[in-house]
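Colleague: Before I ask anything, let me first share the structure, which is written out below as structure tokens.
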Amino acid sequence: MTHMNPADEAARENARSKTTGQFGTQDHSAPECSLATVDAPAATYTVLKDGAAVSGATGIATMTDALHQAHVIMNTTRYERDKAKPTFEIRTDEAGTTVTVPYGDQGRIVGYHLGDAVAAEELDARGLTLDDLESPRVEPFIDLGPYNEGDLNNVAQWARDADYNVATVYATRDEETGERHVDVSVHENFLWNADTQFPDDEYEDDSDLDPHDDRPAAEQRYDAWLTENEDIVRAVYLEWFNAEIDIPENWGYASVSLRTTVPYERFTESLVFEDIAPLLAKHTNESDPGTFGSPYVMNEVWRRVEARDEERERVAELVSQ
């Protein structure tokens, strides 16, 4: 309610009498007031040992600090040989989501939010908690030995289960930069790829074919064409997929090595798979002419080969003049 003194009320009545019609426009001032807002308390974390809160490890502000404290407590706790090791957990608030912290190297929290894998640092940066994640857990770092290199067999199997044509997944480290990489080796039949582009009237003369090669004449022609233009094929695959090509026998049994860089703090099996999955999907879609809406890598190879052939013809004509 707005309180007015008699003089103000008289002025208001005088203004009202001058309006035309019973429902003339009237100006009213809004009461001056505000609603108090109360911020919701921020979520905190507690380290548990065998289900009980550890003294001094409650009210932790971030998941990153909670993980660190859990491992410090775990690694400084004395164990009795004849008894089982205690179980360590991290809980959100008083009764929120709880995850078990495994023994061994300090790991990272892994969960899924809107389909994306989220690590501890990302959890904190995005203002999320364990309660926001689907199937959260603490996943230890991958143990790759003193050289930080080795096969990631579980990741490779997950990729195969997802219908990717993966042979191996290998972790390596660049000695000069210190960067850690994951190389994904994928089987690829370039002869089939060439068949989608190869003109039927190319290499009609069979006289140059190897009589000791049991393969059909068409495959031999495709192999010869790919070898002749190998530099272009390699350049396109490097540009499109950051990939190297290995040809152990012929182009029908080639191996394409896709490389991605993985930061050390994300080097766990689930998060490595999260990092390589987009690259695998890109290669699968763009090396298949039947994928709707995706560019086809061999179209680019063929375009560059034709451009080079035209340039060679143009130069040959100039020389012959």
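Colleague: Can you put Ile73, Ile60 in order of accessible area, largest first, using a 1.4 Å probe? Can you show the working numbers first?
Modeller: Values: Ile73 35, Ile60 10 Å².
Largest accessible area first, the list is Ile73, Ile60.
Colleague: Run the quick spin-label model on Phe141 and Glu306: label points 7 Å from Cα toward the beta carbon, then report their separation in nm to one decimal.
Modeller: 5.2 nm
Colleague: What number comes out for accessible area per residue over region 231-321 if the probe is 1.4 Å? Units Å², please.
Modeller: Working: 4920 Å² over 91 residues.
On a per-residue basis, 54 Å².
Colleague: Additional query: Note the full-extension length gain between Asp246 and Glu317 as 0.36 nm times their separation in residues minus their Cα-Cα distance, in nm to one decimal.
Modeller: Values: separation 71, 0.36 × 71 = 25.56 nm, distance 3.64 nm.
Length gained, Asp246 through Glu317: 21.9 nm.
Colleague: Hey, another quick one. Points 7 angstrom from Cα along the Cβ direction at Asn285 and Arg81: gap in nanometres?
Modeller: Between Asn285 and Arg81, the label points sit 5.9 nm apart.
Colleague: Roughly speaking, what is the stretch gain from Thr97 to Asp214, that is 0.36 nm per residue apart minus the C-alpha to C-alpha distance, in nm to one decimal? Let's see the in-between values first.
Modeller: Numbers: separation 117, 0.36 × 117 = 42.12 nm, distance 6.30 nm.
Contour length minus the Cα-Cα distance gives 35.8 nm.
Colleague: Now, a different point. Can you work out the FRET efficiency for the pair Glu175 and Asp50, with r the C-beta to C-beta distance and R0 = 35 Å, to the nearest 0.05?
Modeller: Calculated value: 0.20.
Colleague: How would Phe273, Phe190 line up by accessible area, probe 1.4 Å, largest first?
Modeller: Numbers: Phe273 45, Phe190 0 Å².
Largest to smallest exposure gives the sequence Phe273, Phe190.
Colleague: Just by accessible area at a 1.4 angstrom probe, what is the order of His283, His68 from largest to smallest?
Modeller: Numbers: His283 10, His68 95 Å².
From most exposed to least exposed: His68, His283.
Colleague: Once both labels are modelled 7 Å past Cα along the beta-carbon direction, what's the Glu89-Ala61 spacing in nm?
Modeller: 2.7 nm
Colleague: How much net charge surrounds Arg259 when only other residues with a Cβ under 12 Å from its Cβ are counted (Lys, Arg +1; Asp, Glu -1)?
Modeller: Numbers: positive: Arg180; negative: Asp174, Glu179, Asp183, Glu244, Asp275.
Its environment carries a net charge of -4.
The values are calculated or read from the model by the stated rules, or taken from the named source; none is laboratory data. What you are looking at is a predicted structure, and each value in this text was computed from that prediction instead of being measured. As a convention, Cβ positions derive from the backbone with ideal geometry for all residues, glycine included, and neighbour counts pool all protein chains shown. For the accessible areas, the whole protein counts, side chains as well, though only heavy atoms, and no ligand, DNA or RNA atoms are used. Shrake-Rupley method; radii C 1.70, N 1.55, O 1.52, S 1.80 Å.
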